[in-house]
Amino acid sequence: MKRLRFLVSLPNDNRYQREQAKAAKETAERFGADVDVVYAENDAVKQSQQILEIMQSKEQPAPDAILAEPLTATGLVRIAEAAASANIAWGVLNSEVDYIEKLRLRSKSPIFSVTRDHTEIGRVQGKQFNALLPKGGAVLYIQGPVNSAAAAQRTTGVESIKLASIELKTLRSQWTEANAHSVVANWLKLSTATAERIGVIGCQYDGIAMGARRAFEEVLDSTQRDRWLKLPFTGVDGLPQEGQAWVTQGILAATVVSTTTTEVAIELLVNAMQTGKQPPACTLLEATSFPPLNVLEKMGKTLK
C-alpha cells in the first residue's frame, strides 16, 4: 500500500493552530502517512487559493485527503465539491457545515467533520462567568472575528446560560495575541474604558486573553493598571503547556479545555480509508472547565 499524503489547511499559526499542526504530523506518522500543513494567515481567499493550487499542481500528485479549518461560515464549500469530484477525501475541522451529507451521497471518498462543540464551549465559559460574578456585573467579552462561525457559536452558548444580571461588553479580535493587544489598547483610549465598570475579562481564546492582558499591563495610570490586572481573565483552548499552565501560574483565572481536532480527524480518516466505510458525518469533541466550576465559585465569593 502506498504511503498516504494528507494536506492540512489551518487559518493561522497561533498557538492553538501550531498545536493542531503538531498533532496532525505526529498522528500521521503513527499511521505511516505524510502531512503537509499550510497556514492561510487569516485570509479566506488565500486559504481557497492555497488548497486549489496544491490540488491542481502539475509538479506532484494531489493529496489523498484534505483537512481544512475554514475561515468563514461557508466552510470552503466550492473547494469541498472540487475535492469530492476528484475523489479526494475531505474533512472539515472546527466548524459545522451544512454540505457534508450532500457530498457523502455522491463521493466514494471519506467526507466528514470533526469539531469542538463551540456552543458547549460557550456554555462552559458562561458558567465560569456565573461562578465568578454570582451577584452579576459586567464582562469585557473579547470575541473572535465577526465572520467566524466558531466565535458566533461560542457567543450563543454564553448568552444562553449567563445570569440575566451579567452584561456583556463586547470587542472583536482576530484569533491572535497581537491583534487582541492592538484591539484592547485602542479601546483603552476611550473615556468609557475604566476598570470600575468591569468584573471579568472573558476571551474566546487563551491567546486573546494574553494579548489583552499585555495591553492592560501598558496602562500608564498605575491605579487603573492595577485594577485591570486584578480582574479575573478567562480564555478558551486550555492547552496543557499554555492555557492550563497560565491558570496554574495565576495569569488566567480559568480556561475552557477542548482538545485539538486534527488527531481525531486523522484517526477517523485512516480508518475510513482502510475499511472503505464513511466515518461519522460529524464528530463533536467535549469541553470542560479548568479549574472546575466549584473552584471558581469559591473565587467568586471573594471578588469585590
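The values are calculated or read from the model by the stated rules, or taken from the named source; none is laboratory data. These figures come from a predicted structure and were not determined experimentally. Cβ: placed from backbone, ideal geometry, glycine included. Neighbour counts: every protein chain shown.
Do we have any residue at all in the stretch 57-64 that's buried (at least 20 other Cβ atoms within 10 Å of the Cβ) and either in contact with a Gly (Cβ under 7 Å, 6 or more places away or on another chain) or over 21 Å from A28 (Cβ atoms) (or both)? Scanning the stretch 57-64, I find no residue that is buried (at least 20 other Cβ atoms within 10 Å of the Cβ) and either in contact with a Gly (Cβ under 7 Å, 6 or more places away or on another chain) or over 21 Å from A28 (Cβ atoms) (or both), so the answer is no.
Among residues that are outside any loop (DSSP other than H, G, I, E, B) and in contact (Cβ under 8 Å) with a residue 40 or more places away in the chain, Q20 is included. Among the conditions (1) on the phi < 0 side of the Ramachandran plot; (2) outside any helix (DSSP H, G or I), E41 misses just one, which is (1). Which ones in the stretch 106-125 are touching a strand residue (DSSP E or B) at 6+ places or on another chain (Cβ under 9 Å) and free of Cβ contacts under 8 Å to residues at least 24 places away in the same chain? Result: S107, single match.
The rows are residues; the columns are (1) within 21 Å of N130 (Cα to Cα); (2) at pLDDT below 95; (3) under 17 Å from the mean Cα position of the chain (by Cα).
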{"position": "D221", "(1), (2), (3)": "no, yes, no"}
{"position": "R225", "(1), (2), (3)": "no, yes, no"}
{"position": "P232", "(1), (2), (3)": "yes, no, no"}
{"position": "L239", "(1), (2), (3)": "no, yes, yes"}
{"position": "Q244", "(1), (2), (3)": "yes, no, yes"}
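Scanning the stretch 108-145 for residues that are part of a strand (DSSP E or B) and either surrounded by fewer than 20 Cβ atoms within 10 Å (Cβ to Cβ) or not hydroxyl-bearing (S, T, Y) (or both) returns I111, F112, V114, R116, G137, A138, V139, L140, I142, Q143. Filtered by the rule that a residue be over 13 Å from the mean Cα position of the chain (by Cα), of a type outside the set (V, I, T) and not in a loop (DSSP other than H, G, I, E, B), the stretch 146-170 gives G157, E159, S160, E167, L168, K169. Those residues that are of a type in the set (A, V, I, L, M), part of a loop (DSSP other than H, G, I, E, B) and either touching a Gly at 6+ places or on another chain (Cβ under 8 Å) or under 19 Å from Q17 (Cβ atoms) (or both), I need them from the stretch 69-102; list them, please. Matches in the stretch 69-102: L71, A73, L76, V97. In the stretch 127-146, the residues that are at positive phi reach residues that are not in a strand (DSSP E or B) with C-beta atoms within less than 7 angstrom, at least six apart or across chains, in these pairs: G136/L163; G136/S165; G137/G199.
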